[in-house]
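Report on the following structure.
The values are calculated or read from the model by the stated rules, or taken from the named source; none is laboratory data. Bear in mind the structure is a predicted one, so any value in this text is a computation, not a measurement. Positions of Cβ are backbone-derived with ideal geometry, glycine not excepted, and every protein chain shown enters the neighbour counts.
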């Protein structure tokens with residue numbers, strides 16, 4: 001298929017207006033695209049409507065006249081409902097429509113959706129993102145894409161509005177497998193970030209001064225530079241929810257089991273995050289792991 005994507009002629013449907021989705025959709029509106037939006041909670045789409053988005057009452061209604069349909073929701077079950085449910089996008093999409101799911105979901109579901117889309121002469125791309133709320137807000141996300149290459153290349157005018165690092169990873173499901181790789185890297189790195197700050201705190205060091213030395217050296221990481229200051233300031237609002245991260249680690253561990261891989265570091269990280277959930281931290285940001293680890297040593301880190 002040949003697609004021409006531009007603000008002048010392309011109609012976009014956007015489903016999901018959470019911490020990241022709202023910023024991403026706003027970028028498309030600011031770039032001049034005509035956007036129809038759906039969210040389970042309409043008030044979360046209010047600022048987008050004020051910016052020019054048109055409200056739809058269901059994913060099916062949003063997708064009915066769209067050339068490209070984006071979704072970024074919470075869990076694989078949500079993804080399945082958005083696209084395969086009785087009021088899902090695939091019930092109304094037209095031939096040639098490109099569906100793009102940017103949720104971190106399961107590779108198996110991505111393959112299923114690609115197969116279902118092909119039966120309707122539409123294309124499905126799995127395109128999870130990394131960069132959190134900061135990346136979404138600044139349009140600097142890393143976008144990892146699985147699915148038909150021609151459709152991926154056709155969407156470059158849109159990818160460039162949403163992110164900075166956009167890579168086609170392979171066939172359906174490859175984007176999700178790449179995101180699992182990303183989440184495994186983050187999971188154990190976050191343990192190191194939190195433990196290092198606990199050590200510096202107990203040693204009586206000034207944490208902001210410590211960051212000046214270690215963040216730019218061999219120990220540096222995105223998490224340390226971007227989330228370390230939030231941890232020090234005891235600001236644990238979500239850039240990415242703990243509940244969603246536990247979901248991601250569960251998917252990665254399931255895939256690892258299927259491939260007969262032992263990933264003990266990831267398993268440990270998941271257990272620590274489950275402890276944070278048990279302490280009531282599921283709706284905090286992933287850097288709130290600091291609270292659970294601090295509690296193990298009898299340190300009161302929160303307010």
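Data table
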| quantity | calculated |
| --- | --- |
| Helices (runs of 4 or more DSSP H) lying entirely in the stretch 190-303 (those with 2 or more residues that are loosely packed, with under 15 Cβ neighbours inside 10 Å and touching a residue at least 60 places away in the same chain (Cβ under 8 Å)) | 264-278 |
| Residue that is in contact with a strand residue (DSSP E or B) (Cβ under 7 Å, 6 or more places away or on another chain) and more than 24 Å from residue 84 (Cβ to Cβ), where the choices are 113, 141, 125 | 141 |
| Whichever residue in the stretch 34-44 is closer than 23 Å to residue 93 by Cα and touching a helix residue (DSSP H, G or I) at 6+ places or on another chain (Cβ under 8 Å) and, among such residues, is surrounded by the fewest Cβ atoms within 10 Å (Cβ to Cβ) | 36 |
| Unique match (being closer than 19 Å to residue 123 by Cβ and surrounded by fewer than 19 Cβ atoms within 10 Å (Cβ to Cβ)) among 161, 167 | 167 |
| Flag for residue 151 being at pLDDT 95 or above and loosely packed, with under 14 Cβ neighbours inside 10 Å | no |
| Matching entry among 64, 31, 8 (being touching a residue at least 40 places away in the same chain (Cβ under 8 Å) and more than 25 Å from residue 238 (Cβ to Cβ)) | 31 |
| Among the candidates 13, 8, 60, 66, residue that is crowded, with 17+ Cβ neighbours inside 10 Å and either part of a loop (DSSP other than H, G, I, E, B) or over 23 Å from the mean Cα position of the chain (by Cα) (or both) | 66 |
